[in-house]
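Below: one structure, written as structure tokens.
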Amino acid sequence: MIAAFRCERLPEPAPVVPEPVTPLRLGKSTSNTGRDQSLQLSGASGVVIAATADVSLLDTKNNTQDNGDERAMMNSRQFDERIETSYPGTEAEAADRSLRSARSVSLYPECHSDLRVRPRFLSRWGRAIATTLAVLGSNPAWADEPDLARAEQLVSERRYKEAYTLLAPFGDGGAQGATFDYLAGRAALGTGQPEKARALLAQSLATYPDSVAAHLALGLAYFQLEMFAEARIVFETVFRFDNLPPDLESQAQIYARAARAYLEDGDRLLWYGYAATGIGQYRVNSTRGTNALGGGDRRDTFYNARVGGGLNHELAGDYALDASLDYRFRYYDNPDSRNDSDLRWRAAGSRSFGENNLALGLRGRTSYRGEGNHRNDYGVFADYRYRVDPDNQLTSGVELRRRRYPAALPDRSFSSAVANVGWVNALNGGESSISLVAHGGYNFATSRPDGDSLVYGLTATYDFTISKNLGGFVFGWWEHDSFDADRIHFHPDAVDQSVNLTRKDNLYEVGAGLVWEFAPGWTLRPEILYIRDQSNATAFNYSSTEAWINVRTDF
């Protein structure tokens, strides 16, 4: 409420003994017209101040601002014993008047929150104060609370700079709550400030750890910072993509593409695909088994192709469904060698909660074994991931599966119950990572001559980034199989003799590869794989070396 007043001094009353100043009391009387009202202000000394004002009713939405303006004007001047608002004179005349007052007064806004005093003139001080209040009141930066609804709209429209300008005056978050931190983080991310975004989004998750969107936005912040290991860890609290390429940066890129589709386009059905082809060399190495049974001199050139992809559908309540297919084919340039064909599939449901993700599903594999025969694997599994902190992830899983050989080899079929635990650690500022996975289980329900077997092993992988477009990986896998049946095998040192023993195998695989992105979405991938099977039974000793170079596209 803004008002200007004409003041006149009434005849001075008899002297009175000064008393301590106390707040003035306000009384109000309203005429029948609803326009002319009078106010009385009385102090402890008994002095009565009368004020009349030309007023009108106004909408309640203007009350707050008017009350603030009225307080500013009322406190900006001193009043005599009588104040009258209907002064018809000029501003110059009013300025020449001697205005003095025994004390200042204050008006409580609640006494006239539904009224507006129509101003006749303002002093220079009054105009200055009114202008200042109007400017401050119209500036959103001086609001008590951030306009989160407006910020959310701007972020959804990708107007990140405007959203950041709107939220920046309220600080770097923390005290404003999870929603503010998330929106400010998204705005910072969209304006090219990934480090600030990382801090804000981490604060948001500390307050509300179940947010899928905040996890994905945090993953994008790490990705922009080229901290690919941390990005992959946080993405995997939400997404379940199978059959990803083995290198760190390619995995992070696939996850980041899906995260952008979720956050910026509002997609809930997310997908990825790939295709690869290349040429390689397969060689059988000399071992006791290959030397005794033949095949140690095999050298074959092969051509390979691989296609596949996956879907991830995000549902309400932090649930998701995912499915994937992966087909691999290898053609050997040798009529005496069997071509390889392999189809792998998976379907699962998962739920993320906080830094955890739990999945339950089915998966299987069909492999061509030559002459129209196929080997089939299928089973049910559960898989769990836990993001301990930005640099560490723990994993665990269990699976019950059946491997069924074709009718020509029925005795080889068996079932397995396997469990695993793993750890992933980000290194070198996210440019590399190391993972260790230990597994153990039991193979049973079989007619194999060597009986059931106890299995356990370890997998170690090191992923690294050399430069923005160049990376690689190294891995090693080991498994020990201890069978429980004694039977006759070839003698370890002479094929024409036999020995009764319990079979024990140690299986090894070591591989490495480089990945060069020569164009967006296209990579050149040279790889090498060494396989070694050691056994106390001569026939089960085997070794091979494979090397190939592939061109792959991910989309």
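What follows is calculated from the coordinates using simple rules that are stated; it is not laboratory data. These figures come from a predicted structure and were not determined experimentally. Cβ placement follows ideal geometry from the backbone for every residue including glycine, while neighbour counts extend to all protein chains displayed.
Brief remarks follow.
- Peptides 364-374, 244-254 ranked from most to least packed by the mean count of surrounding Cβ atoms within 10 Å: 244-254, 364-374.
- Asn356 versus Arg338: modelled label distance in nm, points set 7 Å from Cα along the beta carbon direction: 4.4
- Gain in span if fully extended, Tyr530 to Asn469, counting 0.36 nm per residue against the direct Cα distance: 19.3 nm
- Pairwise centroid distance, computed over Cα atoms, of region 505-540 with region 275-352, Å: 12
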